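This report concerns only the one structure given below.
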Amino acid sequence: MVSSLVVSVTFTLSKTFHLDITIWFPSEFSAIRVLDLSYNNFSGDIPASFGRFPQLKVLKLVSNLFSGIVPSFLGNLSALRNLELGYNPFKEGPLPWQLGNLSKLETLYLSNANLIGSIPDSIGNLVSLKNLDLSSNYLSGEIPKSISGLKNVEQIELFNNNLQGELPESLGNLTSLLRMDLGQNNLTGKLPHTIGSLCLTSLRLNENLFYGEIPSSLALNPNLRHLALFINNFTGKLPQHLGLNSDLEDFDVSNNELTGELPKHLCQRKKLQSLVIFNNKFSGTLPAQFGECHSLTVISMENNELSGEVPSSFWIHPGFETLKMQYNRFSGSISNSISNAKRLAKLQLQGNNFSGMLPIGICELDRLMKFDVSKNLLTGEVPACITRLKKLEFLRLQENMFTGPIPSNFSFWHELTELNLSYNQFSGTIPSQLSYLPDLTYLDLSMNSLTGNVPPELVNLELSEFNAYGNKLYGEVPYVFSNPVFLSGLRGNPGLCSPVIKEFPPCPKQRPYSLIAVIIFAACFLIFMGSVLWFLKRKFIFFNGKSYKPSYKTTNFQIVGFSEEDIVPFLTRENLIGSGSSGQVYKVNLKNGEFVAAKKLWGGTRKLDTESVFKSEIEILGRIRHANIVKLLFSCSADDDLMVLVYEYMEKGSLGDVLHVNKCEELREWSTRFNIAVGAAQGLAYLHHDCVPPILHRDVKSNNILLDQDFSPYVADFGLAKTLKHEEGGIGAMSRIAGSYGYIAPEYGYTLKVTEKGDVYSFGVVLMELITGKRPNDPSLGDNMDIVKWITETAFSSAEDHPIDVAHIIDPMLNLGICDYEEIENVLNVALLCTTSFPMNRPSMRRVVELLKEHKLARHN
């Protein structure tokens, strides 16, 4: 008999086939004890024959395409110990009460299974259960009191549902419970004091409606390591003995109404890594004990009423990665000892009363990405060495009393996107070297004492905001600034004039002798330079006898009909079509009439960074092929720092330009945008799931999605991409911060770790761009507001039947039909899932593709 031999069955099938499972397992296979079909593409209903496997102990169907309801006949499998059906697109239905018959069940995993209705009382009959995970469903109603019957349960995961009501006091009977996550529900009431009698190592009740004081009994738990109570309505003081009896590692009570002083024992055991308390009403000074807590990597205490001088020992922490203290009442100076915080990536101190000079120790923070000391009482000159911070993306010094010139050596600021020096007392001229900053999009120099001309070189920047209002600038306004975007930022300078722009007075005519002097000087200069060049040429020929020709190293990645001689001579200003952090891009017309895109990487002081980009692009694109990933055709390099990468030419350019700058007519159709979303998702899914080892892009954004003549998308720019290597304990992650502002996942600010879920978050932002037509940090969103926060906080309606006010956020440029609104709402739900705060709750890119395609199929069926 075949059935007597079958003990364990595990399938891992091709990811490209959808299979009807009903034809695979006849009921004769009755001796199966372990059946694991996870991570395949099985579809249809779970076969009824599964309910007739009396010896089955393990049933795992995770991450498939099962579309029926969760069947009640599974409650007949009396020997079952593990039941794992999570991440399947089941039809909306209840959690079968019959599952309560499984008295031997130890693991019940039904996360992301489209469950609706309430949790049945029969759940309390699972007396052997150790792991209960019903997270990310649509469960409603109260948590049943019968849950107290789970005497052996160690983990309860019910987060991201619609559960209501108060926590039952009977939770205190779960003496084996170690981890409980009830976050992202609608639970209310006061926390029962019995919760403090549990031996919990992790308690997460975030994003609910709890109120009242946090029970003091929590401070008595010796096992507590992770406490997340953020986004509730808690009031009163924190228990003052928190941390005294336990090894607290993560503590987050942000977005509540808590008051009083901070407990001085929070880091008593020197294990605290993350202290997040922003958006409360805490007062008093920082406890001196915090200065000895060197385990801290993340502090986020903004928007409170904390005051006094910061203890000098506090600034010395070598492990700091994020320090956010803005909008409190701190005073005193910023200690120069902050130079010891070598890992610091975000330093935000704005909106306080810090005084004195900016310490020169800031220049030692070579990982610093975001530095904001605006709205303080700082004085003196800004240290010129601040331009050495090559990772810096945002520098905000506005509304202080800084004096002296603007630092002008910008050779290291390759990644700076925002520079705000407004409302200070800076003097001197506007440095023309600002034009060397390839990624600068926001420049505010208003309300200072700057003099001199407006550098015409600034037009080389792709500025979305330029403001030099209220200075002492004079001379002729360069014609290139006639765009209204620039004009508003040039007013308030009485000395400016223009012969063509009506908003400014006409410039006085030049005196003839001045013009003659200029002509004479120019002629002399040309004669001098001609003589020098003639001399050097003669000397070179005399000693060498022949002209110099660089030696090229070339590689063909496709069959091409050109060489470096067809590319390098045409990397000229006339053919320049774009510029970015890694180099400049040129459109080159080949002899056969075809076009290619050639990227010439920066040389000089940027050589180390660009060599890394060069190698990464070759390593990644040289070995992969996919319809939605840009093709690398050719590369060449020479001894004189020349590095060139040649790609297939994309007629429409980047999605970012087409969507935000050119506003192409074709993007008025939602179907075009949707197809771009699906294609880009397929390219990223290929990188994550079909490449061995998997590849992380690390800089997913609309500017890195290119479009061909037919608006088909191609993922591009792999300069920051890395491969994931499987190591002991899981997937290794890189600690280097990567990505572009507005697209970076929030966990980077806490962990500085890079995973595939960071790409998923960035892609979610791109989906939001396609829906709204807005940039990730569009000025129209308001201060301190990005597109994710705007959609999640502003675009939600109070109506229960329409939780998202789609019409309020859709790009007005779109021409929409009735069916488009439903599809956009579905895509927006995918975007919200991709950009959820917790990486573990985000879908994989393969799942994103499936969700997008399911919505498309649902529309056409």
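Each value in this text was obtained by applying a stated rule to the coordinates, not by laboratory testing. Source: prediction; values computed, not measured. Every residue, glycine as well, gets a Cβ built from its backbone with ideal geometry; the counts of neighbours run over all protein chains shown.
Structural remarks
- Computed from the C-beta positions of Glu166 and Asn675, the FRET efficiency with R₀ = 41 Å rounds to 0.30.
- Label-to-label distance, Lys789 versus Leu220, with points set 7 angstrom from Cα along the beta-carbon direction: 4.0 nm.
- Region 565-579 and region 223-263: distance between their alpha carbon centers, rounded to Å: 58
- Taking 0.36 nm per residue of separation and subtracting the Cα-Cα distance, full extension of the segment from Asn173 to Ser563 would add 132.8 nm.
- By the count of neighbouring beta-carbon atoms within 10 Å, fewest first, Val692, Val588, Val760 end up ordered Val692, Val588, Val760.
- Scalar couplings 3J(HN,Hα) for region 559-565, obtained by applying the Karplus form with A = 6.51, B = -1.76, C = 1.60 to θ = phi - 60°, are 6, 10, x, 9, 10, 4, 5 Hz; x denotes Gly and Pro.
- Extension gain, Arg623 to Cys664, is 11.4 nm, computed as 0.36 nm per intervening residue step minus the present C-alpha separation.
- Filter on Lys237/Lys271; Lys502/Lys774; Lys57/Lys151; Lys342/Lys600 - keep pairs with C-alpha separation over 29 Å: Lys502/Lys774; Lys342/Lys600
- Euclidean distance of C-alpha centroids, region 47-65 and region 156-181, integer Å: 28
- Shown is the FRET efficiency for Lys853 and Asn233, computed with R0 = 35 Å from the Cβ-Cβ distance and rounded to the nearest 0.05: 0.30.
- Pair Leu209, Asn460: separation of 7 Å Cα→Cβ label points (nm): 5.8
- Computing FRET efficiency as 1/(1 + (r/R0)^6) for Glu305 and Tyr552, where r is the C-beta to C-beta distance and R0 is 56 Å, gives about 0.30.
- Alpha-carbon centroid distance for the pair region 419-496 / region 340-412, whole angstrom: 20
- Full-extension gain in nm, Asp366 to Ala807, via 0.36 nm per residue minus C-alpha separation: 154.3 nm
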